Amino acid sequence: MAENGVLIGMADHPQLLRLDRANRHGLVAGATGTGKTVTLQVLAQGLSDAGVPVFAADVKGDLSGVSQPGQPSEKMLARAQAMGLELRPAGAPTVFWDLFGEQGHPIRATVTEMGPLLIARMLELNEVQEGVLTVVFRAADDEGLLLLDLKDLQAALTYASENAKALGARYGNISAATVATIQRKLLMLEEQGGANLFGEPALQLSDLMRTDGSGRGYVNLLAADRLIAAPRLYATFLLWLLSELFEELPEVGDPEKPRLAFFFDEAHLLFRDAPKALLEKVEQVVRLIRSKGVGVYFVTQNPADIPETVLGQLGNRVQHALRAYTPVEQRGLRAAAASFRANPAFDTAETIQHLGVGEALVSVLDEKGAPTVVAKTTVRPPVSRLGPVTPAERQAVMAQSPVRGLYDEVRDRESAYEMLQKKTAATAAAPEAPVARPKAAAREKPSELQSMGSAFAKSMLRTIGNQVGREIMRGLLGGVRRRR
């Protein structure tokens with residue numbers, strides 16, 4: 001790490017990602033096999049050394065090597081020497097996470113925190129189905145039904161279907177067929193392993209923003225080699241995490257260095273087939289989260305994968321080689337070249353096509369926040385390992401983890417599933433009303449038509465609902481977040 005920034009590589013002068021501009025977001029792009037992962041590793045470890053915590057998805061497993069000291073090859077040593085660098089092998093402090101709890105600590109969110117908009121995106125619901133899901137969330141909020149895991153959501157959907165007439169009068173029409181479709185899609189999500197995402201203990205954002213005893217930021221790696229097989233689940237989870245950071249963190253303006261650097265690998269999955277309303281919210285989060293001290297770096301094959309409204313906010317750019325064989329690829333190449341501040345020494349579009357592995361075009365923000373002239377850069381070799389860790393090394397890192405034991409055991413407290421079961425049992429156990437009752441009495445005391453069990457259950461739900469209502473507020477993407 002340089003004194004005031006992270007060294008990306010060397011051109012005719014060092015190419016530095018300035019720490020005081022690292023929250024202005026960035027892009028790492030390039031075709032498969034051109035060196036994006038190494039660049040990501042160099043940036044992650046450089047930021048960590050500067051005291052900036054990092055979150056990144058490890059899509060192929062290769063990034064896990066950042067936790068181990070490197071074993072530089074002769075080629076790497078020669079490259080470092082040509083740059084005037086001395087490679088001192090070192091690993092970064094690392095925390096491994098895994099939605100499935102196999103290659104890292106489990107990472108969870110509650111259904112309520114995720115919210116109807118993101119869950120609808122995850123389930124690929126149409127507009128009508130999303131509307132019904134939103135009604136179910138609203139009804140659960142009003143009646144104090146805590147939605148923590150998928151069985152809670154299934155129970156709430158069943159409750160809505162069975163009480164469609166009463167709820168429809170308050171919130172709008174609820175079709176039993178639509179509810180059944182949502183439930184089937186939830187079952188499909190469970191088959192993909194989505195049930196592991198929902199539940200408690202839910203992730204505390206402070207656990208992603210730790211530094212070790214020497215002041216280095218922890219590199220938080222989400223094992224995504226299995227998760228990426230369910231792209232909607234992958235993209236929705238990372239978007240939820242990004243939105244939670246936006247909602248929870250206080251404003252800090254432009255700090256001397258970011259509070260967190262967030263790397264969104266396979267970023268095209270976030271934007272593919274996304275409805276306009278969701279794209280607008282993503283744009284808003286990206287635009288505003290900078291003032292929370294969070295730098296967001298999208299990693300993708302082609303800048304054209306990112307909508308223009310988001311791409312325009314990515315000031316720090318590392319562009320590896322692109323291939324342009326088809327008309328679509330040629331348009332993407334021209335767009336990528338046009339996004340850089342031109343260098344009179346070379347043709348940007350031509351150079352992008354002929355970059356070698358480990359070479360990139362780099363443009364970063366200067367002290368005034370303006371993009372520098374694009375420079376053909378040799379990316380520096382990392383000091384940590386290139387390639388994945390062994391299972392034994394992963395276990396050793398987890399044994400020393402600062403979050404060891406905090407998330408490993410599932411907590412299943414009373415929530416919608418249990419509360420609705422109790423309500424059903426109370427109603428079933430209530431004594432039957434007399435066969436005949438004077439009509440006058442029925443008119444005078446209609447409340448007696450309710451069973452004692454049902455009245456108690458409704459009273460309990462109203463009480464809990466009022467308590468929950470005081471404890472929650474709704475975020476930008478529709479999820480409910482608890483007051484800290």
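The values are calculated or read from the model by the stated rules, or taken from the named source; none is laboratory data. Computed from a predicted structure; not experimentally measured. Positions of Cβ are generated from backbone atoms using ideal geometry, with glycine treated the same way; all protein chains shown enter the neighbour counts. Note: areas computed on protein heavy atoms with side chains; ligands, DNA, RNA excluded. Shrake-Rupley method; radii C 1.70, N 1.55, O 1.52, S 1.80 Å.
Quick notes on this one:
- Looking only at segment 190-224, residues that are more than 17 Å from the chain's Cα centre (by Cα) and within 14 Å of L123 (Cβ to Cβ) come to 3 in all.
- Among the residues of segment 220-233, the one identified as of a type outside the set (S, T, N, Q) and within 16 Å of V296 (Cβ to Cβ) is L222.
- Going through (1) more than 15 Å from L203 (Cα to Cα); (2) assigned to a helix (DSSP H, G or I) one by one, E102 falls short only on (2).
- Selected residue (criterion: most open to solvent (accessible area, probe 1.4 Å)) from residues of segment 22-50 that are of a type in the set (S, T, N, Q) and farther than 20 Å from A90 by Cβ: T32
- Selection within segment 309-327 - open to solvent by less than 10 Å² (accessible area, probe 1.4 Å) and without any contact (Cβ under 8 Å) to a residue 40 or more places away in the chain: V310
- All conditions but one from (1) more than 23 Å from S401 (Cβ to Cβ); (2) part of a helix (DSSP H, G or I); (3) not aromatic (F, W, Y) apply to N196; the one that does not is (1).
- Count - residues of segment 246-262 that are surrounded by 16 or more Cβ atoms within 10 Å (Cβ to Cβ), touching a helix residue (DSSP H, G or I) at 6+ places or on another chain (Cβ under 6 Å) and not in a loop (DSSP other than H, G, I, E, B): 2
- Of all the residues in segment 16-61, those that are assigned to a loop (DSSP other than H, G, I, E, B) and of a type in the set (G, A, S) number 7.
- Selection within segment 206-236 - open to solvent by less than 70 Å² (accessible area, probe 1.4 Å), assigned to a helix (DSSP H, G or I) and modelled with pLDDT under 95: L227, I228, P231, R232, L233, Y234, A235, T236
- Condition met for S384 (open to solvent by less than 90 Å² (accessible area, probe 1.4 Å), among the hydroxyl-bearing types (S, T, Y), at pLDDT 90 or above and within 25 Å of G199 (Cα to Cα)): no
- Subset tally (residues that are modelled with pLDDT under 95 and within 26 Å of T34 (Cβ to Cβ)) for segment 283-298: 1
- Here L19 clears all of (1) open to solvent by 10 Å² or more (accessible area, probe 1.4 Å); (2) modelled with pLDDT under 95; (3) closer than 27 Å to W240 by Cα except the condition numbered (2).
- Pair list, Cβ under 7 Å, 6 or more apart: segment 92-115 residue in contact (Cβ under 8 Å) with a residue 12 or more places away in the chain and aromatic (F, W, Y), other residue open to solvent by less than 10 Å² (accessible area, probe 1.4 Å) and outside any strand (DSSP E or B): F96/G104; W97/G104; W97/I107; F100/G193
- Filtered residues of segment 1-12 (kept if open to solvent by 10 Å² or more (accessible area, probe 1.4 Å) and touching a residue at least 12 places away in the same chain (Cβ under 8 Å)): M1, A2, N4, L7, M10, A11, D12
- Lone unmet requirement of (1) at pLDDT 55 or above; (2) part of a loop (DSSP other than H, G, I, E, B) for R394: (2)
- Listing of strands (runs of 3 or more DSSP E) fully contained in segment 267-380 that carry 2 or more residues being within 24 Å of G51 (Cα to Cα): 294-300, 316-319, 359-363
- Residue under evaluation S64, criteria (1) open to solvent by less than 10 Å² (accessible area, probe 1.4 Å); (2) outside any strand (DSSP E or B); (3) over 28 Å from D254 (Cα atoms); (4) touching a Gly at 6+ places or on another chain (Cβ under 8 Å), criterion not met: (4)
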